[in-house]
Amino acid sequence: MLRPWKVNLRDQIDTERAVPVYMQIIHALIRDIENGRLTSGTYLPSSRELASAIGVNRKTVVLAYEDLIAQGWLVSKGTRGTMVSQSLPQPTSEPEASGVQMPEGAEFDFARPPERPLALPGTRGIKLDEGAPDGRLFPAELLTRAYRASANAAAATNGFQYRDPRGLPSLRESIAEMLRSERGLVVGPENICITRGSQNAIFLAAQVLVKPGDSVIMEDVTYEPAVAAFRNRGAKVIPVRLDGHGINLADVEQACRRERVRALFLTPHHQFPTTVALRPERRLRILDLARQFGFAVIEDDYDHEFHFESQPLLPMAAYAPGRTIYVGSLSKLLLPALRIGFIAAPREVIDAVAHVVSLVDGMGNSLTEGAADELIRNGELRRHARKVRQVYARRREAFAATLDDLFGNIADYALPDGGLAFWLRFPDAEHIDRIEERAPARGLRFASSRSFMLRPEAPRGLRLGFASLGEIEARDALRVLRASID
């Protein structure tokens with residue numbers, strides 16, 4: 001019989017912590033067993049003795065012992081006491097010091113993240129985002145009512161269970177109707193998969209399209225999270241040039257003749273980040289090349305809802321549905337926090353996407369999807385869209401006037417006819433260097449110009465969103481940007 005075990009738990013027990021004391025005792029004893037300080041067959045002090053040693057109530061120790069016996073760590077020997085189970089394997093390492101804490105590094109191999117930083121929200125200063133909506137404009141009471149209606153409907157139909165990974169059927173029908181009536185896509189609910197925002201949709205499209213070693217064409221200034229999604233699949237990303245009318249077709253064709261191109265990623269409505277609209281003749285030529293070389297077009301139509309001049313062009317998916325995977329989002333119209341995006345594609349592609357969803361997510365958030373569907377069906381989404389378009393149109397004009405006032409002689413931009421951001425270019429590269437070096441210290445946050453660039457010779461600029469800030473907030477932010485140059 002192994003006796004006695006030296007009690008040294010006092011420094012591991014803190015009655016002020018949120019974790020119950022009996023759980024702290026359990027964790028401390030398990031750590032000592034795992035690291036070899038407590039070996040199989042060792043008897044523990046009586047509950048009264050241990051309680052006295054660490055300064056807690058005896059019932060707390062009894063509760064911990066009973067839990068560890070139930071788990072198989074300890075064995076009760078009746079009047080002889082409680083000992084460490086003899087069926088546990090002996091530790092293979094030397095005993096470690098007590099009070100083991102989570103280490104910084106892991107003791108096993110895993111897929112390490114790329115060097116790209118996480119996009120985390122800041123807590124101080126002003127953020128000039130890349131074109132987000134103003135969530136403050138959406139009435140919270142409308143969202144509350146929509147969630148209540150969604151919960152009631154789910155309760156009445158046993159809707160709290162696991163559901164279709166393609167998303168809530170009624171929301172898929174509502175989005176299909178919206179795409180048919182407003183964007184010219186010939187789709188039904190079977191052609192729709194609901195996603196956690198457009199970024200999730202791009203990631204899922206990459207999963208079903210791209211295999212390691214495949215090539216994906218992207219413009220040499222583009223949406224960096226999409227680049228990361230393709231590279232995560234082991235794809236080779238091929239950058240091509242763009243100009244004032246969109247992607248360079250000669251570069252696309254040359255890339256297709258050199259490489260096995262699996263996909264072409266585009267934001268044709270208003271190119272991200274430059275806001276350039278892809279001309280109709282180039283859209284048609286891209287689709288010709290897609291048919292010729294057998295690649296898919298991933299069309300990210302992320303800001304179709306916001307157009308301030310003429311009517312937007314129909315999506316490419318409206319006239320080439322068999323060649324495109326169409327990605328969209330309701331986040332710009334509703335709230336980014338809702339994370340409602342979608343993929344529209346041929347049915348067999350949607351089925352493939354649904355299988356990926358079933359692996360990584362199981363299903364979508366049916367309560368949130370139900371709330372979004374309620375907002376569409378009761379007309380609140382359409383009314384909100386009309387209201388915020390007017391607000392954003394005024395902010396766009398005010399933002400342009402401030403740019404003219406503060407940057408008129410040192411920066412260029414083209415007034416975007418749609419979308420929620422400007423692309424600001426600096427003929428003198430030193431100006432943008434100064435901004436990126438100095439502005440953060442003055443409390444201004446924005447995306448680095450290099451985060452959009454796929455190669456060093458790509459066009460360099462700042463993408464500045466105008467919608468999420470009020471006119472005074474935006475002017476204050478731009479003043480900080482301008483002051484960073486001097």
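The values are calculated or read from the model by the stated rules, or taken from the named source; none is laboratory data. Computed from a predicted model, the values in this text were never measured in an experiment. Backbone-built Cβ (ideal geometry, glycine too); neighbour counts: all protein chains shown. These accessible areas exclude ligands, DNA and RNA; they are computed on the full protein's heavy atoms, side chains included. Shrake-Rupley method; radii C 1.70, N 1.55, O 1.52, S 1.80 Å.
Once every DSSP H run of n ≥ 4 in the chain is given -39500 (n - 2.57) and the sum is divided by its residues, what mean residue ellipticity at 222 nm do you get, rounded to the nearest 500 deg cm²/dmol? Walk me through the numbers on the way to the answer.
Numbers: 14 runs with 191 residues, N = 486.
Taken over the chain, the calculation gives -12500 deg cm²/dmol.
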> chymotrypsin sites (Phe, Trp or Tyr not before Pro), restricted to segment 152-213: which are DSSP loop and have at most 14 other Cβ atoms within 10 Å?
Replying inline: Phe160, Tyr162
>> Suppose R0 equals 45 Å. What FRET efficiency, 1/(1 + (r/R0)^6) with r the Cβ-Cβ distance, do Val237 and Ala18 give to the nearest 0.05?
In response: 0.45
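Could you order His307, His384, His27 by accessible surface area, starting with the largest, using a probe radius of 1.4 Å? Don't skip to the end; give the middle numbers.
Values: His307 40, His384 15, His27 80 Å².
Putting His307, His384, His27 in descending order of accessible area: His27, His307, His384.
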> Rounded if a/c is under 1.5, else prolate if a/b beats b/c, else oblate: with a ≥ b ≥ c from the C-alpha gyration tensor eigenvalues square-rooted, which is segment 234-273?
Replying inline: oblate
> Tally Lys/Arg at +1 and Asp/Glu at -1 over every other residue whose Cβ is under 15 Å from the Cβ of Arg166; what's the total?
Replying inline: -4
> Looking at (1) 1.27; (2) 1.05; (3) 0.97, which value of Cα Rg over 2.2 N^0.38 Å comes from a calculation on the structure shown?
Replying inline: (1)
> Quick one: Cα centre-to-centre distance for segment 330-397 and segment 255-275, in angstrom?
Replying inline: 24
>> How much length would be gained if the chain were fully extended between Glu397 and Ala111, taking 0.36 nm per residue of separation minus their Cα-Cα distance, in nm to one decimal?
In response: 98.3 nm
>> Can you give the local net charge around Ala149? Use residues other than it whose beta-carbon is closer than 10 angstrom to its beta-carbon, Lys and Arg +1, Asp and Glu -1.
In response: +1
> Roughly how tilted is helix 429-438, in degrees to the nearest 10 and between 0 and 90, from the longest Cα axis of the chain?
Replying inline: 30
> So how tilted is helix 380-407 from the main axis of the chain? Cα-based, degrees 0 to 90, rounded to 10.
Replying inline: 70
>> For Leu444, what residues show an amide H to amide H distance below 5 Å, using hydrogens built from the backbone and excluding near sequence neighbours?
In response: Ile126
> Using a basic spin-label model with each label point 7 Å from the Cα along Cα→Cβ, how many nm lie between Glu348 and Ala156?
Replying inline: 4.0
>> Give the lysines whose C-alpha is closer than 29 Å to that of Lys236, dropping any in the same chain fewer than 8 places away, or say none.
In response: Lys211
>> Tell me the angle of helix 197-209 to the major Cα principal axis of the chain, expressed in degrees between 0 and 90 and rounded to the nearest ten.
In response: 90
>> Can you give me the long-range amide H partners of Thr195? Hydrogens built in the peptide plane at 1.01 Å from N, cutoff under 5 Å, separation of 5 or more residues or another chain.
In response: Gly341, Phe342, Ile343
> Between Arg180 and Leu359, what FRET efficiency follows from the Cβ-Cβ distance if R0 is 35 Å, with the result rounded to 0.05?
Replying inline: 0.70
> Once the whole set of protein chains is in place, how much accessible area is left on Arg285, using a 1.4 Å probe, in Å² to the nearest 10?
Replying inline: 80
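With a 1.4 Å probe and all protein chains kept in place, how do Tyr326, Tyr147 rank by accessible area, largest first? If you can, show how the numbers build up before the last one.
On the way: Tyr326 0, Tyr147 80 Å².
These residues rank, largest area first, as Tyr147, Tyr326.
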> When the accessible area of segment 317-435 is computed with all protein chains present and a 1.4 Å probe, what percentage of it is carbon and sulfur?
Replying inline: 49
>> Please report the antiparallel percentage of DSSP beta bridges with both residues in segment 130-285, rounded to the nearest 5.
In response: 20
>> Which GluC sites (Glu not before Pro) in segment 236-327 sit in a loop by DSSP (not H, G, I, E or B) and have at most 10 other Cβ atoms within 10 Å of their own Cβ?
In response: Glu309
>> Restricting to bridges with both residues inside the chain, how much of the DSSP beta-bridge set is antiparallel, in percent to the nearest 5?
In response: 50
> Roughly how many Å² of Ile25 are accessible to a 1.4 Å probe, to the nearest 10?
Replying inline: 0
>> Of Leu50, Thr222, Leu333, which is farthest towards the positive pole of the chain's charge dipole, taken about the Cα centre with +1 and -1 on the beta-carbons of Lys, Arg and Asp, Glu respectively?
In response: Leu50
> Can you give the accessible area per residue of the chain, in Å², using a 1.4 Å probe?
Replying inline: 49
> Over what distance in Å are the Cα centres of segment 164-243 and segment 286-313 separated?
Replying inline: 12
> Using the Cβ atoms and a cut-off under 10 Å, what net charge is assigned to the surroundings of Leu209, where Lys and Arg are +1 and Asp and Glu are -1?
Replying inline: +2
